[in-house]
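A short reminder: the numbers here are calculations on the coordinates, not readings from a lab. Small disclaimer: the values here were computed from a predicted structure and weren't measured. Here the Cβ positions follow ideal geometry from the backbone for every residue, glycine too, while neighbour counts run over all protein chains shown.
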Amino acid sequence: MNSRLHRYPSDQPGHPYRNWTILGLAFFLVAFPLPAQTGTGELRVKVIDPTGLGVKTRIQISSEANQYQNVLATDDQGNAAAERLPYGIYRLDVAQPGFVAAHDSVEIRSSIPESYTIQLKLSTVEQAVNVVANSTLINPDEAGSVSQVGSPFIQTRLGSLPGRSLQDLVNSQPGWLYEGNAVLHPRGSEYQMQFVIDGIPLTDNRSPSFGPEIEADDVDSMSIYTAGIPAEYGRKMGGVVEINTLEQTQPGFHGQVVLSGGSFDTAGAFTDGQYVWGKNTLGGSASGSMTDHYLNPVVPENFTNSGTLGDFSGHYERDFTPKDRLSLIVRHEFSRFELPNELVQQTPHPAPLDPSLPFGSQLETANNIETMGIISYQHIFSSDLVTDVRGMVRDNADNFHSNEYAIPIELFQHNWFREGYFKGTLTASHGHHEIKTGVESDNLFLKENFSYVITEPTQFAAGTPPTFYFARNRPDLEQSAFVQDLIRWGNWTINAGLRWDHYQLILNRQALSPRWAISRYFRSANLVLHFSYDRIFQTPAFENILLSSSTSATTLSTISLELPVPPSEGNYYEAGLAKVFGGHLRLDVNYFRRLSNNYADDNQIQNTTISFPISFRRAVIYGAEAKLELTPFHGFSGFLSYSYEVGNAFFPVTGGLFLGDQAVLPTTGHFPDSQDQRNTARGRLRYQVRPRLWIAGGMQFDSGLPFDFQCSPGLTLSQCIQGQVAIYGLEVIDRLNFARGRIDPSFQLDASLGAELYRSDRFKVDFQIDGENLTNVLDVIDFGGLFSGNAIGPARSVALRLSTSF
């Protein structure tokens with residue numbers, strides 16, 4: 001078998017030209033009665049004068065807890081609406097000439113739209129406004145801990161390499177950390193997380209090496225769950241990241257243009273626009289970027305690491321009546337990139353299988369192409385009853401190719417899936433209860449095509465087949481139903497739910513998962529105590545699962561049990577508090593414990609992006625988190641967070657594809673979870689020097705992940721280490737503590753400067769420059785083992801950003 005036998009014709013399903021057919025399919029979905037996000041609602045405001053007539057004005061709406069700031073423009077009748085607001089308390093401010101300034105607060109606590117009227121008083125009346133808005137820094141009705149990331153934080157975030165802007169935002173929160181190539185891990189979970197994009201859960205791996213990017217500039221707000229997760233969500237429960245890409249509807253045409261660039265020959269552009277007329281909203285966005293530092297290289301030299309990305313989206317929304325809303329969204333995204341080489345792979349050498357060719361270097365390339373269509377419809381029956389539905393179809397193709405100089409193995413992959421998703425919910429509010437019930441169906445049609453050719457047999461165990469080919473397709477059918485009740489009784493809040501899941505791929509499994517969260521608000525102390533329990537049922541990652549669970553995998557290695565990869569089941573616990581000090585300082589503290597059976601993980605081939613799902617018999621993970629957040633106070637704002645985590649996984653292993661000089665794993669015992677980083681700290685402090693000028697500084701501390709280094713039989717540890725120096729270089733090896741089996745700690749500093757260059761009633765131009773990893777530490781994130789490859793973070797770098805909004 002040789003590489004020239006593995007080409008895929010353009011008419012094969014999953015080819016980029018064929019992906020565009022999904023755009024047409026999207027509009028044939030049937031519109032049945034779903035909120036875009038759980039825990040969000042809508043505020044409909046009416047501003048009137050003393051006689052009851054509508055006032056055309058502007059309303060400032062803000063919530064410190066939700067990092068939300070916006071300005072709503074009322075129409076001639078005084079009406080305005082803010083959609084997709086995370087639950088919490090919002091401050092409303094109206095300053096209209098001729099009237100006394102009005103300040104009030106309103107609480108959004110239901111997905112059913114909330115109506116609120118502000119009556120202005122004439123300024124000739126000698127009366128001061130006595131209404132004092134409640135603090136918006138804490139949500140007294142929040143049953144669990146939810147991290148909110150709003151547009152102010154997104155717009156002034158640190159610069160990111162292409163493919164990582166969204167992941168970097170999530171990684172800034174306590175309890176989350178990176179392994180190589182920006183793969184997110186919430187509280188020790190591998191793979192078990194989901195992004196919910198405009199109400200659609202995407203449960204596949206969305207890191208740069210697996211899926212195309214949704215640009216952070218295209219995100220309006222985010223809600224992040226790691227505990228107290230509503231029963232509405234399932235299947236991937238390590239963490240849930242709700243993302244809203246739709247902006248608030250403001251009459252006329254509005255948008256932004258963002259240009260960015262910096263070190264590693266990085267450049268990018270993003271633009272979006274939205275036009276609102278009558279009951280219609282039409283919008284779109286486009287972005288493109290490129291860099292020579294796309295993935296985390298395996299050696300400091302950063303060989304062969306370029307990447308190019310693109311993202312296009314469009315949406316249309318129409319309010320047929322105040323009770324009926326239709327929304328259509330289409331997205332097309334792609335990424336094309338190279339795989340970083342090791343020193344020996346980069347050094348020119350003969351083609352292993354064809355010595356007649358001139359000397360050359362290894363080149364491995366990959367691409368991912370995705371097209372998605374979404375349709376949703378909402379109908380409000382009454383002020384207490386609303387129903388929603390949402391459907392989605394998408395195509396996704398993932399390809400990998402090696403050239404003739406690849407060592408020690410040529411790899412080829414062409415995976416493709418088509419997904420059809422449907423969800424419908426009904427929400428009813430009665431007294432102290434808000435009850436939501438719903439069903440969902442997710443059907444994936446998987447196609448896997450994988451092959452290899454070994455070019456250096458000495459690097460593999462005796463008896464490993466020199467060539468291998470696998471092709472298979474199979475549907476993954478998953479259904480679920482849920483009911484949850486959000487109960488508010490005085491200062492108590494309870495969120496209780498029950499979820500049923502059915503999973504049918506290679507195995508046929510179903511489970512009932514009870515969940516509940518409870519909190520108590522102490523008004524005098526401005527304190528919320530909360531506790532949550534989540535029973536979890538998590539389906540395994542579907543990337544390469546057909547091969548990983550097949551008997552073909554066991555013909556290559558005896559490490560994995562000859563069993564299909566099963567779903568994970570377990571129990572999550574969390575206890576914590578949220579406390580406000582002095583009106584500007586908020587402290588969140590949480591303790592968590594996670595007990596999982598069939599704990600999900602993955603193993604990858606060499607240092608490539610090809611990975612295979614596995615599971616360990618069980619895992620125990622526990623830890624604590626704290627975050628101190630300062631809202632604007634005398635020009636200062638910022639946050640400081642700390643996470644402590646301990647995790648252990650227990651043998652044996654099920655699934656995977658183990659190749660190379662990997663020793664046989666034990667069938668009993670345990671080892672530190674690969675995300676077992678004991679101490680993680682993040683911080684950022686900003687100072688507003690002038691109304692149009694700010695500076696900021698930040699820090700990042702990582703105590704180091706564990707690594708599994710196994711010395712070859714017959715060699716001393718010193719000899720094995722010298723061998724690693726020849727492969728990866730002394731700089732990398734010096735960052736490893738072989739006695740502890742951990743990577744040395746990493747401490748990084750960053751600094752930013754931002755300025756408002758121009759402002760008018762119509763335009764606003766901002767500039768930002770970031771210096772990152774100013775300590776220039778060699779940030780070794782991972783060091784190769786059975787379950788992770790090598791990964792080195794970026795060196796000292798600069799990022800520039802120029803944004804124009806209108």
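Structure notes:
- The mean of 1/r over all pairs of different alpha-carbon atoms in the range 429-477, once inverted, gives a Kirkwood hydrodynamic radius of 15.9 Å.
- Charge dipole (Cα centre; +1 on Lys/Arg Cβ, -1 on Asp/Glu Cβ; no other charges) of the range 340-454 amounts to roughly 360 debye.
- From largest to smallest, the equivalent ellipsoid semi-axes obtained for the range 445-566 from the alpha-carbon gyration tensor read 48, 18, 11 Å.
- Distance between the 7 Å Cα→Cβ label points at A101 and A462: 8.4 nm.
- F701-L730 FRET efficiency (beta carbon distance; Förster radius 25 Å; 0.05 resolution): 0.55
- Electrostatic tally near P475: other residues with Cβ closer than 14 Å to its Cβ, Lys and Arg +1, Asp and Glu -1, net -1.
- Volume in Å³ per residue [convex hull over Cα atoms, computed for the chain]: 152
- Along each principal axis, Cα extent of the range 250-360, largest first, Å: 71, 31, 20
- Dividing the summed helix terms, -39500 (n - 2.57) for each DSSP H run of n ≥ 4, by the number of residues in the chain produces a 222 nm estimate of -1500 deg cm²/dmol to the nearest 500.
- In summary, the convex hull built on the alpha carbon positions of the range 737-806 has an orientation-averaged projected area of 6.8 nm².
- Fully extended contour minus Cα-Cα distance, from S552 to L585, at 0.36 nm per residue: 6.2 nm
- N737 versus F806: modelled label distance in nm, points set 7 Å from Cα along the beta carbon direction: 5.5
- Extension gain for T51 to A755 (0.36 nm times residue separation, less C-alpha to C-alpha distance): 249.1 nm.
- A simple charge model with +1 on the Cβ of Lys and Arg, -1 on the Cβ of Asp and Glu and nothing else charged puts the dipole of the range 333-402 at about 100 debye relative to its Cα centre.
- Alpha-carbon Debye profile of the range 645-783, log10 I(q)/I(0) at 0.21 Å⁻¹: -1.31
- DSSP bridge pairs, the chain: antiparallel proportion in percent, nearest 5: 95
- A Förster radius of 60 Å combined with the Cβ-Cβ distance from V344 to L122 puts the calculated FRET efficiency at roughly 0.15.
- Over 24 Å [Cα-Cα, the range 297-431], rounded percent: 55
- Signed unit charges on C-beta, dipole axis of the chain, positive-most listed residue Y275, Y503, L122: L122
- Given charges at beta-carbon only (K, R positive; D, E negative), |dipole| of the range 659-743 in Debye: 840
- Cβ-defined net charge surrounding D168, 15 Å radius [Lys, Arg +1; Asp, Glu -1]: -4
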